[in-house]
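The values are calculated or read from the model by the stated rules, or taken from the named source; none is laboratory data. In this text the structure is predicted, and so the values were computed from the model without any measurement. Don't worry about glycine lacking a Cβ; one is built from the backbone with ideal geometry, like all the others, and counts go over all protein chains shown.
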Amino acid sequence: MEEGGGAGEKPFKEIKVETGKTDAEELREVLDAVTPFLEKLKDWVKEIIGLFTSGLDGKKLGEDIGRFYQELKAQGLPEDLIIEMVKDYYKKRMEVVPSIEKLIGSFAKFGEFWRGEEEHEEDTK
């Protein structure tokens, strides 16, 4: 396109810059950049999900509470005190189980941390 001022024409020449990279090469670069993050995230997510689901495992929780009850009973404590202690133990165990909201917040914080780490690496290059 030539310079000109006619109706419908652009006032400047259109410049096209060729990067020399194919779409596949650009995609490969993006995937290379994202892969380390996904590797770190995968292990972290497994741990968080494991923590979350272990607290919800009814069988394990029941066994733990039953063992706790039996140990208190074996010590000769009064039944009403044992029941109160078992209830408190159960409540505390359930408080440790993270809520979905807390999990999402943790993921967001991890993402912010990771982005900050990547920016720091770029600054040191």
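Listed values, structure above:
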{"quantity": "Filter result for the condition that a residue is in contact with a helix residue (DSSP H, G or I) (Cβ under 8 Å, 6 or more places away or on another chain) and either at pLDDT 90 or above or charged (D, E, K, R) (or both), over LEU61, LEU72, LEU103", "calculated": "LEU72"}
{"quantity": "Selected residue (only one of THR35, THR53 is of a type outside the set (A, V, I, L, M, F, W, C) and at pLDDT below 80)", "calculated": "THR53"}
